[in-house]
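The values are calculated or read from the model by the stated rules, or taken from the named source; none is laboratory data. Every value quoted in this text rests on a predicted model; they were computed, and no experiment measured them. Cβ: placed from backbone, ideal geometry, glycine included. Neighbour counts: every protein chain shown. Just the protein is used for accessible areas: all its heavy atoms, side chains included, with ligands, DNA and RNA removed. Shrake-Rupley method; radii C 1.70, N 1.55, O 1.52, S 1.80 Å.
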Amino acid sequence: MPRYRRPTGTLDILPEDQPHWDHVRNRARHLAELAGFERIDVPMFEATEVFARSIGAGTDTVDKEMYTFTDKGGHSLTLRPEFTAGVMRAFIENGLHVRPRPLKLYSVGATFRYERPQAGRYRQFAQFNAEILGEQGADADVEIMMLVWDLYAGLGFQDLAFQLNSTGCPQCKPVYVSRLEAHYAGYPDTICKDCVRRLTLSPLRVLDCKAAQCQPVIGRAPHFLDYVCEECAEHFATLRDYLDLLGREYVVNHRLVRGLDYYTKTVFEVWAAGIGAQAAVCGGGRYDGLIELLGGPPTPGVGVGVGLERIILVMKSLNVPVPPLPAPRVFLAHLGTAARREAVRLANAFRGEDLATWMSFGDRRLRSQLREAGKRSADFVVILGEDELAQGVASVKEMATGDQVEVGLVNLIGWLKSRL
RNA sequence: GUGGGUGUAGCCUAAUGGUUAAGGCACCUGGUUGUGGCCCAGGAGACUGUGGGUUCAAAUCCCAUCACUCACCCCA
């Protein structure tokens, strides 16, 4: 029972987990840069209004999940619950709309939502985020989708498929919503109380309800895709054509809606097994009105947010191999004060030559130092004792074979480098 | 915010209500002069999550609380 514990919903990522994290982040960065995405880092907190405006009052994220605080200047600030809003603010504030279009941006970092933790859900969690700004065509949508697909495929995910739907545009969305409301008006006593609430706050969300009593109503609900306008229909058809062209699996999911208000046209998720009850490893879509809503020039956009913890959970459930932690190649063992002094000098010289070196500290028996060298998986142990010092040499033991030779101190670095 | 499950060393586990809470892994030290892995010996490490209650006696029974965990809501 330690006195201090990490805050609820946070994670300590220990050294043994770092290979997974490095691998995922490196893959994501590599793929993003291959496609011409440039990195942007935005603050971990923003004026609360940035999120409240873009994500939308009435969404759970804004209403009950934000880490909001007042700073000493009396400003209401909020830890970012997602990336898109802050990136859009930065786009506007830095005048990025004058750059060649489209602009492709990616970010990696922590996001925060105040929720009850469970498998695959944390209060601080990491996201990889990518956006394409200034392009309205479905070819931008598909590029975003391919970016995440290639990430998952490259990490060894099986049975990939997109969940795909359209949430229309300001022209057709109201039409559909009123149809949906009319449909639900026919079942006032059948639906769950959450859906009653949803119908006034965020009507599309009723489609996502999991309560058993609501399933028949949802099953008979009208499909958004039957009510989208001509432009939205064409956009969706083009996107499907690209996905077919690329041979990527997708499921048109009429019940797929997203919890953020800013989405228009395309919405998608990728689901994977291995994260408990959670399935989504990413979520994204198009948000053509968002930048204008935040006070910028009308600029279409499409983007995706990827949950890194969830990816790692899936990788672990699939036993995906990752590059291991680098081990020290050379272990410096020493006997006696004079030898330790020489070891201090050598450790520094080795590292200056890019040799990964672990120096034994203190005054310990050789046996104990060799045990440690074994535990640390060193390839070579350089042994410095009085005999060696007197002759200007070191005994070098190769741990894998047990072979041991004497090497002149002046030749040590060259000798080691030729063998590592 | 709601509901279920679980709390014994860093990790895993043991202890019919009855001595000083036991073992394994991991850690540290030693096993004759300066040589790893195996083995042997020893050591350190726990106010049994916390607070009440029942009892002659509580890790064990009861209550509360906190934490963790899973699920709901919702989402990455």
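Where the accessible area of region A:287-420 is counted over protein heavy atoms with a 1.4 Å probe, how much of it, in %, is carbon and sulfur?
Solvent-exposed carbon and sulfur of region A:287-420 make up 51 percent of the total.
Local charge sum around A:Arg121 (other residues, Cβ-Cβ under 12 Å, Lys/Arg +1, Asp/Glu -1)?
Local net charge: +1.
Excluding A:Thr200 itself, what net charge comes from residues whose Cβ is under 15 Å from its Cβ, given Lys and Arg +1 and Asp and Glu -1?
Every neighbour counted, the sum reads -1.
Could you name the aspartates and glutamates in cross-link range of A:Lys375, using Cα to Cα under 15 Å and dropping any fewer than eight places away on the same chain?
Partners found: A:Glu16, A:Glu398.
Assign unit charges at the C-beta atoms only (+1 for Lys and Arg, -1 for Asp and Glu), then state the dipole size of chain A relative to its Cα centre in Debye, rounded to the nearest 20.
1360 debye
So which aspartates and glutamates can A:Lys173 reach, going by Cα to Cα under 15 Å and dropping same-chain residues fewer than 8 places off?
A:Glu181, A:Asp226, A:Glu230, A:Glu231, A:Asp261, A:Asp288
Are there trypsin sites (Lys or Arg not before Pro) in region A:315-393 that DSSP puts in a loop and that have at most 15 other Cβ atoms within 10 Å, and which ones?
Passing both the DSSP loop test and the Cβ count: A:Arg364, A:Arg365, A:Arg376.
Give me the 1.4 Å probe accessible area per residue for chain A, excluding ligands and nucleic acids, in Å².
50 Å²
For region A:304-318, what does the Karplus curve 6.51 cos²θ - 1.76 cosθ + 1.60, with θ = phi - 60°, yield as ³J(HN,Hα) per residue in whole Hz, taken in order and with x for Gly and Pro?
In residue order, the calculated couplings are 8, x, 10, x, 6, 4, 5, 4, 5, 4, 5, 4, 5, 5, 9 Hz.
Only helical DSSP H runs with n ≥ 4 go in: add -39500 (n - 2.57) per run for chain A, normalise by residue count and round the 222 nm mean residue ellipticity to 500 deg cm²/dmol.
Value at 222 nm, helices only, nearest 500: -11000 deg cm²/dmol.
Please compute the net charge surrounding A:Arg371, taking Lys and Arg as +1 and Asp and Glu as -1 over other residues with Cβ under 11 Å from its Cβ.
+4
Among the aspartates and glutamates, which fall within straight-line cross-link reach of A:Lys210, defined as a Cα-Cα distance under 13 Å, with same-chain neighbours fewer than 8 residues apart omitted?
A:Asp194
Taking 28 Å as the cut-off for C-alpha to C-alpha distance, list the pairs among A:Lys193/A:Lys316; A:Lys64/A:Lys316; A:Lys64/A:Lys265 that go past it.
Beyond 28 Å between Cα atoms: A:Lys193/A:Lys316; A:Lys64/A:Lys316.
Under 8 Å for C-alpha pairs, at least 6 residues apart: give me the relative contact order for chain A, rounded to a whole percent.
Reported relative contact order: 16 percent.
Along the charge dipole of chain A, pointing to its positive end and built from +1/-1 on Cβ of Lys, Arg, Asp and Glu, which listed residue (A:Gly247, A:Pro300, A:Gly58) has its Cα farthest out?
It is A:Gly58.
With springs connecting C-alpha atoms under 10 Å apart, model chain A as a Gaussian network and identify which of A:Phe37, A:Phe125, A:Phe331 has the largest mean-square fluctuation.
In this elastic network of chain A, the residue with the biggest mean-square fluctuation among A:Phe37, A:Phe125, A:Phe331 is A:Phe331.
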